[in-house]
Each structure stands twice: as C-alpha cells, then as structure tokens.
1. If you take the residues of region 71-103 that are part of a loop (DSSP other than H, G, I, E, B), of a type in the set (D, E, K, R) and under 30 Å from residue 39 (Cα atoms), which of them is farthest from the chain's Cα centre (by Cα)?
2. What's the number of the condition residue 39 fails, among (1) aliphatic (A, V, I, L, M); (2) modelled with pLDDT under 85; (3) under 24 Å from residue 80 (Cβ atoms)?
3. Identify, please: which residue in region 42-62 is in a loop (DSSP other than H, G, I, E, B) and surrounded by 14 or more Cβ atoms within 10 Å (Cβ to Cβ) and is, among those, modelled with the highest pLDDT?
4. Could you go through region 69-83 and let me know if any residue there is surrounded by fewer than 13 Cβ atoms within 10 Å (Cβ to Cβ) and in contact (Cβ under 8 Å) with a residue 12 or more places away in the chain.
5. Looking only at region 51-70, count how many residues are β-branched (Val, Ile, Thr) and either farther than 13 Å from residue 38 by Cα or over 14 Å from the mean Cα position of the chain (by Cα) (or both).
Amino acid sequence: MNYQVTREEVRALRSDRERITDLLDRYPRVSEEEVLEILTFLRTARHLDVGLLTNNDRIRPKLDGFMEDHKSHFRVKFGEGAAVIGAIIGFLVIVWLIWEAFR
C-alpha cells in the first residue's frame with residue numbers, strides 16, 4: 001500500500017494544530033465547544049501533531065493546566081482496558097493451542 005500525503009492534507013493538519021494552539025493560548029477563556037475541540041484533537045490527532053503541540057514552550061503551561069482540569073477525559077476507560085486484556089488473553093490461548101498441537 002502506497003500512501004502519500006497531499007499538500008492540502010498537510011495544510012489541513014497544520015491549520016488544525018495551529019487552531020488548537022490558538023485555543024490553548026486563550027485557555028481558560030474558551031467556550032465549551034472549544035474545550036470539546038481541544039479534547040477531540042488531543043485524543044484523535046496523529047501522535048506527531050500532539051507531540052509538536054506539547055513541545056511548544058509558549059503554550060506548555062496552558063496545556064498542562066488544561067490537562068489537569070480535564071484529566072478524567074484522558075483516563076483509560078474500563079471497556080478499553082478490558083478489551084486490551086481480552087486481546088492479550090486470546091493471543092496467549094491461541095499460542096498455547098498452537099504449542100499443544102505441534103507438541
């Protein structure tokens with residue numbers, strides 16, 4: 001699979017990151033919709049974009065404050081943890097069955 005990012009996609013990603021940077025720069029004077037926009041970006045954006053955002057010394061104190069104020073949104077949910085544990089157990093069972101089949 002050959003994946004190429006177009007210039008328009010790069011511009012869109014950059015403008016999203018810049019929009020979130022501006023919102024964080026104004027934090028805590030942001031609306032509830034803007035808070036949801038920041039939360040959505042931090043949970044769903046590419047790791048590179050979030051990393052570039054967290055590396056910005058100008059907004060780091062505001063980002064730290066935002067993360068502290070909304071830390072419940074970044075916790076691993078019970079369903080997510082259960083899914084990971086279930087997948088690990090399933091993998092181990094499959095490996096054990098294969099081991100027993102060839103033994």
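The values are calculated or read from the model by the stated rules, or taken from the named source; none is laboratory data. For clarity, every value in this text was computed on a predicted model and none was experimentally measured. Virtual Cβ from ideal backbone geometry, glycine too; neighbours counted across all protein chains shown.
1. 77
2. (2)
3. Among those residues, the one meeting the criterion is 59.
4. Initial filter on region 69-83 (surrounded by fewer than 13 Cβ atoms within 10 Å (Cβ to Cβ)): 69, 71-72, 74-83.
Now restrict to residues that are in contact (Cβ under 8 Å) with a residue 12 or more places away in the chain: 69, 74.
Looking for residues that are surrounded by fewer than 13 Cβ atoms within 10 Å (Cβ to Cβ) and in contact (Cβ under 8 Å) with a residue 12 or more places away in the chain, one finds at least one in region 69-83, hence yes.
5. Going through region 51-70, the residues β-branched (Val, Ile, Thr) turn out to be 54, 59.
Adding the requirement that they be either farther than 13 Å from residue 38 by Cα or over 14 Å from the mean Cα position of the chain (by Cα) (or both) leaves 59.
Here the count works out to 1.
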